[in-house]
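The values are calculated or read from the model by the stated rules, or taken from the named source; none is laboratory data. Just so it is clear, the structure is predicted and the values come from calculations on it, not from any experiment. With ideal geometry, Cβ positions are generated from the backbone for all residues, glycine too; neighbour counts draw on all protein chains shown. Please note that ligands, DNA and RNA were not included when accessible areas were found on the heavy atoms of the full protein model with its side chains. Shrake-Rupley method; radii C 1.70, N 1.55, O 1.52, S 1.80 Å.
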Amino acid sequence: MRIGLIGTGRIGTFHAEVLSRHPAVDSLLVADADPERAAVAATRTGASAVPVDAMFTGQGRDLPAALVICSATAAHASLIARAARAGLPAFCEKPIALDLPGTLGALAEVEAAGSILQLGFMRRFDAGYGEARAAVREGRLGRLHTVRALTSDPAPPPADYLPLSGGLYRDCLVHDFDILRWVTGREVSEVYATGSDAGPAMFRAAGDVDTAAALLTLDDGTLATATATRCNGAGYDVRMELAGELDQIAVGLDDRTPLTSAEPEGPGAPAKPWPGFLERFAPAYEAELDAFLRVARGELANPCDGREALHALRIAEACEISRRERRPVAMEEIPGG
């Protein structure tokens, strides 16, 4: 297959490296709004650097068979729409857009064209989350009563990223909202959220928070909490705990979890804590791209289509309203359901 990739920043270059060594990929085209950055990524991965427009205007064998979108978030929706109109199966890093109107507009383009869109929620391809999903679905935990999810970054992103990120709920916790639905098989019915900007001043300047928490009630009465911070100096920490009437399990608990026990006989600090998301989820990123290639070839049903991303974004939107207005928000208040 000839695969096109747009956006050669950190995650785009990582994806290009994965695709360049995939046995189903015969050739790889890379493009970026910055041609020099695309050229560097092409040299690094053995790909061919081309202009962005070439992904959509080539002829016959020059066109890619499928497209991977890793550009800046602001360009996602328009590139998704262009891929849909060109009949290209597309994989896109989350989010589709930073707001509901932009997300719904891009989804309308995909649905009108009858094309394929897979979203990059890589936790669905992580072995631990997959096992947790199986445990819940098979009843091994009994009635699920409590879920605790967390995402903690070891250091804040650059200050100029914050105004473009959509905020901590849309940029970071949206992964927890998606995986909560995927693991439990339930929908969120109500949220109550709060946040703190007591950390670095750049968060206050951007109107964002550096730490957030949400209480989510699922449609079967299960209670879930989701917390996130940009300031977890111990390391990158992503976990989910699921407690039922018969048993409880944890995802993301291993010898690299940046957590130290305060008990005299408890485990100490890990020798090599996870430094970031690329290291923690590298196998999951590879698995999701392998799945996308199979989807594009018609060998696999889409494991995470655009509507799945919409559901997660709606939860993030509800959390933003809840934080701002200091009240519980029912999901039926959020458009697009």
**Request:** First obtain the Kirkwood hydrodynamic radius of the stretch 53-124 from its Cα pairs, then insert it into the Stokes-Einstein equation at 25 °C and 0.890 mPa s, and state the resulting D in µm² per second as a whole number.
**Result:** 200
**Prompt:** For the chain, which longest stretch is free of loop sites, where a loop site is one of the GluC sites (Glu not before Pro) that DSSP puts outside H, G, I, E and B and that has at most 12 other Cβ atoms within 10 Å?
**Reply:** 1-137
**Request:** Please compute P(r) over all alpha-carbon pairs of the stretch 10-60, binned at 10 Å starting from zero, and give each bin as a whole-number percent.
**Result:** 28, 54, 18, 0
**Request:** Calculate, axis by axis, the spread of Cα positions in the stretch 81-206 along the three principal axes, and write the results as whole Å, longest axis first.
**Result:** 47, 43, 27
**Asked** Just the Cα atoms of the stretch 125-267, one point each, no solvent: what log10 I(q)/I(0) does Debye give at q = 0.13 Å⁻¹?
**Response** -0.62
**Rh (Kirkwood; distinct C-alpha pairs) - the stretch 297-337, Å** = 11.7
**Request:** State whether the stretch 225-330 is rounded, prolate or oblate according to the following rule on the C-alpha gyration tensor (a ≥ b ≥ c being the square roots of its eigenvalues): a/c under 1.5 gives rounded; otherwise a/b larger than b/c gives prolate, and the remaining case gives oblate.
**Result:** oblate
**Prompt:** What Rg and what Dmax come out for the stretch 131-184 when only alpha-carbon atoms are used, in angstroms?
**Reply:** 15.1, 46
**Prompt:** What whole-number value in Å² describes the accessible area per residue of the stretch 143-237 for a 1.4 Å probe?
**Reply:** 38
**Item:** Angle between the chain longest axis and helix 35-45 axis [Cα atoms, degrees, rounded to 10]
**Value:** 80
**Request:** Grab the alpha carbons of the stretch 231-284, take their convex hull, and tell me the volume per residue in Å³.
**Result:** 117
**Message:** Between (i) 63, 46, 46; (ii) 87, 61, 36; (iii) 60, 43, 41, which entry matches Cα extents along the principal axes in Å as derived from the coordinates of this structure?
**Reply:** (i)
**Prompt:** For the chain, what % of the accessible area comes from carbon and sulfur atoms, probe 1.4 Å?
**Reply:** 52
**Asked** What number, in nm² with one decimal, is the all-direction average of the projected area of the convex hull of the alpha-carbon atoms of the stretch 1-126?
**Response** 7.5
